[in-house]
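Reviewing the structure listed below.
What follows is calculated from the coordinates using simple rules that are stated; it is not laboratory data. Since the structure is predicted, the reported quantities are computational estimates derived from the model, not experimental observations. Here the Cβ is made from the backbone with ideal geometry for all residues, glycine too, and neighbour counts use every protein chain on show.
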Amino acid sequence: MMKRLLYRVYLTGYKANLALRGRLFQVYLNRRKAKLAGADLSFLNLSGINLSGADLREAILIRADLSSANLANANLAGADLSGANLSGANLSGANLITALATDEQLARAGSLEGAIMPDGSVYTGT
C-alpha cells in the first residue's frame with residue numbers, strides 16, 4: 001500500500017515537472033527570435049506559441065502540437081511536419097518550400113496568406 005502511494009506521489013511530481021519545463025520552454029521561445037534550424041521538436045506541445053520569424057529550417061516537428069501558434073514569416077523550409085497539428089496556426093508569409101506537410105494539415109491552418117507552399121507556389125487564398 002505504501003509503495004503505491006509513494007509511486008503516485010512520484011508520478012504526480014514528475015508530471016508537474018514536465019509541465020513546468022514545457023511552459024518555461026514556451027516562455028523562452030516567446031521572448032526571442034528562435035533559431036531552431038535542424039532541431040528535433042517532435043511531440044512537443046507548442047500550441048499558442050509565438051514563433052514568428054523563427055528559423056525552423058529542416059526542423060523535425062513530427063506530431064508536434066502547433067495549434068494556434070504564430071508562425072508568421074517563419075522559415076520552415078525542409079521541415080518535417082508529419083502528423084503535426086496546424087489547426088488555427090498563423091503561417092502567413094512562412095516559407096514552407098520542400099516541407100513535409102499534407103494538404104489536409106495546411107487546410108486547417110488559420111492563415112496561409114503569402115506563404116511559400118511546399119511545391120514552391122505562393123498561397124494567394126484561391
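Within the stretch 50-67, being of a type outside the set (S, T, Y) and under 18 Å from R108 (Cβ atoms) holds for L51, L61, I62, R63, A64, D65, L66.
Within the stretch 102-126, take every residue that is small (G, A, S) and within 18 Å of R57 (Cβ to Cβ) and give me the one that is surrounded by the most Cβ atoms within 10 Å (Cβ to Cβ).
So in the stretch 102-126, the residues small (G, A, S) come out as 107, 109-111, 114-115, 120-121, 125.
Restricting the remaining residues to those that are within 18 Å of R57 (Cβ to Cβ) gives 115, 120.
Working: A115: 26, G120: 9.
For the stretch 102-126, the residue satisfying everything is A115.
Annotation note: of D65, D80, D119, the sole residue that is of a type in the set (D, E, K, R) and in contact with an Asp or Glu (Cβ under 9 Å, 6 or more places away or on another chain) is D80.
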